[in-house]
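Peer 1: Just dropping this structure here.
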Amino acid sequence: MKVLGLGGSDHDISSCIVDEGIIKVAIEDERVSRCKYAIGSNLLLGKSRKYCYKALDIKGVEIDKVVIDDILVETAYFGIKEYEKINHHLAHASSCYYPSPFSEAAILVVDNAGSLIKNDKKQGIQTISYGIGENKDINLFNSVLGSNWNTSSLKVNGKAYQLGDCDDSLGHFYKIVSGCLGFKFHDNGNFYFPEAGKTMGLAPYGDNRYYREMSRFVSYHDNGYIEMHLCDEKLKKTIEDILENDAPKDDFACKASIAWAAQKIIEESLLVCGEYLYRETKSKNLCLAGGVALNCVANGILKQKLPFDDIYLFPACGDNGTAIGCAYYGYYKKFDGDKKCNKAISPYFGREYSDKEIDEALNNSDLINVTTSKYLASTAKYIKKGKIIGWYQGGAEFGPRALGHRSILGDPRNKDMKDILNYRVKFREGFRPFAPSILREEMNHYFSYDTESPYMLMAFEVKKDKRHLIPSVVHIDGTARVQTVTKEANGVYYDLICEFNKQTGIPILINTSFNIKGEPIVETPKDAVCCFLKTGIDILVIGNKMVFKKKGDFIMEREEILEKLKEIFVRVCELDIPKEEIDFEDDNFAEAYGINSISALEILLEIEQEFDIEIDDDDLEESLVTDINVLVDYIISKRCNA
């Protein structure tokens, strides 16, 4: 049974197909439209669902059921005649409970604004929902309903979109703070999308100086209700006054301390929510979803402080994940059996691209690529040498975190690598940290808390005696947003980290998303090449192909090889000239430097020793007297295969 789920709201549009209880394909519109968060994308084209059809080689008529998030904009399902709509928070709950390893779990959904609903007491927009999942059934038994939503976005059929920011919303609270700090995406005057991750990253640089002023906007009730008066703009005015008075003295410290207070309030509020949910359910397990669940610092605290034995987060906690929730919901509503309990679910739901598609993308005069069976060892060696790698493998991961298929990788031992990546590759603020990917079996050696964190959605303290070993992934507060990597879930990415560990003794790589500021993560091989060419990424690895820039790192490597060859020539041929005067472009250089069959053999032996390679090409002796470039290309190829 094939179920198509369509999710999102007025942003983060996505599609997913679940077949027989298994996610077969899922993609976010932004990946194919190249419009970040799908803002500005022509949703009438249905790009994400057509991507899913193509990946499975099916047509729309072969879909058995379509389930849609009830706050999804109508243009995103234009042309679909038969469908079922489900509540936004139910879609969130389904996205984290059904893929989880649990047959029973408490469920917490926290976001900015969900569906507009009415219960016995009031009408409002869901901002927090408490639920329980048992076998294949989900019951959301209590919700916080925000009031004073933006009525300009209230449609005639009584539906509010995500534009309906309201009171009593942790997501709206964090959005206001992020907006005041200038962390906005697509600000058109009426609407902006908050870049909340920046607020979270800035917070550890601050202190508690503004906590009391900001915490007065939040109050807690025993029934799980969190009261926040936000729409009267008094919180916004308070922050603006702080900025006006204190920012001129020290802009960074002022903004960082505002972020610190907001982050502290989010952490405290989520703990209150989690403690209430545990009291009501007494469940051993917790599933967490909603945009606020992307706050990995808070998630790490919940993991360590709440009484639940285990916490599960899905890689796409935000509105993009509701497509998967919708598809799962549709499947389990028709399915007669028990819920499947997945021990490990791979996050790579995108389609794989063919060799032909990859070759077409690499057919670029600015590139040189080398196919090698030893690409793992070679990639690890380049990372060890300080090179930045664009890593592109298999189908793309789903959600906002790069998890080893569309990643930019670096050496965590290099204390300068964070700044290099921020300024040379990502083009973003210098305070923003980078995440470590670590072999799961090494987690307890480097982190104070030993647990699985496969989707980079929890932050934990790095052990003090290990911080100096991996300085570029340790944030200012001593924590890191960690991804644990296993062979079962991550395949070749696990193998690469093992190889790096073998060469350096460090089982960790810097892992950041393969994109630049303001753009979605790359999806196609062409996207990867485009990003590679316009950034400071040194080498692109696609499958087993290592790709160099003719005008970049590849040329630098050729120059290094040519310099060493000149030193060998001077030494072996006993030349009485400095190496700088050797001219390999001279058609008669072999005769000019006295190269004969004996000296050519000695030169090749020296090359083997110098570059740690084994020369097995009899024609290379001829290249010493005809075309030195053939020899250089051969050395590079052998080093890639070393």
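The values are calculated or read from the model by the stated rules, or taken from the named source; none is laboratory data. Owing to the predicted nature of the structure, the values given are computational and were not obtained by experimental measurement. When we count neighbours, we look across all protein chains shown, and the Cβ atoms used for this are built from the backbone with ideal geometry, even at glycine. These area figures cover heavy atoms from the full protein model, side chains too; ligands, DNA and RNA do not enter into them. Shrake-Rupley method; radii C 1.70, N 1.55, O 1.52, S 1.80 Å.
Peer 1: Tell me which residues, restricted to region 214-263, are touching a residue at least 60 places away in the same chain (Cβ under 8 Å) and of a type in the set (Lys, Arg).
Peer 2: Lys236, Lys255
Peer 1: Can you tell me which residue is farthest from Ile80 (Cα to Cα) among those in region 1-10 that are open to solvent by 10 Å² or more (accessible area, probe 1.4 Å) and either of a type outside the set (Asp, Glu) or in contact with a Gly (Cβ under 7 Å, 6 or more places away or on another chain) (or both)?
Peer 2: Looking only at region 1-10, we keep the residues that are open to solvent by 10 Å² or more (accessible area, probe 1.4 Å), and these are 1-2, 10.
Applying the additional criterion that residues be either of a type outside the set (Asp, Glu) or in contact with a Gly (Cβ under 7 Å, 6 or more places away or on another chain) (or both) yields 1-2.
Numbers: Met1: 18, Lys2: 15 Å.
So, considering only residues that are open to solvent by 10 Å² or more (accessible area, probe 1.4 Å) and either of a type outside the set (Asp, Glu) or in contact with a Gly (Cβ under 7 Å, 6 or more places away or on another chain) (or both), the one farthest from Ile80 (Cα to Cα) is Met1.
Peer 1: So Tyr423 passes all but one of these: (1) at pLDDT 95 or above; (2) open to solvent by 10 Å² or more (accessible area, probe 1.4 Å); (3) of a type in the set (Phe, Trp, Tyr). Which condition number does it fail?
Peer 2: Only one criterion in (1) at pLDDT 95 or above; (2) open to solvent by 10 Å² or more (accessible area, probe 1.4 Å); (3) of a type in the set (Phe, Trp, Tyr) is unmet by Tyr423, namely (1).
Peer 1: Would you point out which residue out of Ile324, Ile311 is touching a strand residue (DSSP E or B) at 6+ places or on another chain (Cβ under 6 Å), under 27 Å from Pro400 (Cβ atoms) and assigned to a helix (DSSP H, G or I)? Spell out the reasoning first.
Peer 2: Values: Ile311 fails: assigned to a helix (DSSP H, G or I).
Result: Ile324 is the single residue among Ile324, Ile311 that is touching a strand residue (DSSP E or B) at 6+ places or on another chain (Cβ under 6 Å), under 27 Å from Pro400 (Cβ atoms) and assigned to a helix (DSSP H, G or I).
Condition check ((1) in contact (Cβ under 8 Å) with a residue 40 or more places away in the chain; (2) β-branched (Val, Ile, Thr); (3) buried (at least 16 other Cβ atoms within 10 Å of the Cβ); (4) in a helix (DSSP H, G or I)) across all residues:
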site	(1), (2), (3), (4)
Pro315	yes, no, yes, no
Ser365	yes, no, no, no
Ala380	yes, no, yes, yes
Gly386	no, no, no, no
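Peer 1: Separate question: Say whether the condition of being open to solvent by 80 Å² or more (accessible area, probe 1.4 Å) and either without any contact (Cβ under 8 Å) to a residue 60 or more places away in the chain or of a type in the set (A, V, I, L, M) (or both) is met by at least one residue in region 191-207. Spell out how you get there, then give the answer.
Peer 2: Filtering region 191-207 for residues open to solvent by 80 Å² or more (accessible area, probe 1.4 Å) gives none.
Scanning region 191-207, I find no residue that is open to solvent by 80 Å² or more (accessible area, probe 1.4 Å) and either without any contact (Cβ under 8 Å) to a residue 60 or more places away in the chain or of a type in the set (A, V, I, L, M) (or both), so the answer is no.
Quick grid of which residues meet (1) within 18 Å of Ala26 (Cα to Cα); (2) crowded, with 24+ Cβ neighbours inside 10 Å; (3) modelled with pLDDT of 95 or more:
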| site | (1), (2), (3) |
| --- | --- |
| Ala253 | no, no, yes |
| Val297 | no, no, yes |
| Pro307 | no, no, yes |
| Gly321 | yes, yes, yes |
| Gly325 | yes, yes, yes |
| Phe335 | no, no, no |
| Ile345 | yes, no, no |
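Peer 1: Within region 170-282, which helices (runs of 4 or more DSSP H) (wholly inside it) include 3 or more residues that are among the aromatic types (Phe, Trp, Tyr) and under 23 Å from Val297 (Cβ atoms)? Full working, then the answer.
Peer 2: Numbers: elements: 170-180, 196-202, 211-215, 234-246, 251-281.
Output list reads 251-281.
Peer 1: I would also like to ask the following. Among (1) touching a residue at least 24 places away in the same chain (Cβ under 8 Å); (2) touching a strand residue (DSSP E or B) at 6+ places or on another chain (Cβ under 6 Å); (3) open to solvent by less than 50 Å² (accessible area, probe 1.4 Å), where does Arg428 come up short?
Peer 2: Answer for Arg428: the failing condition is (2).
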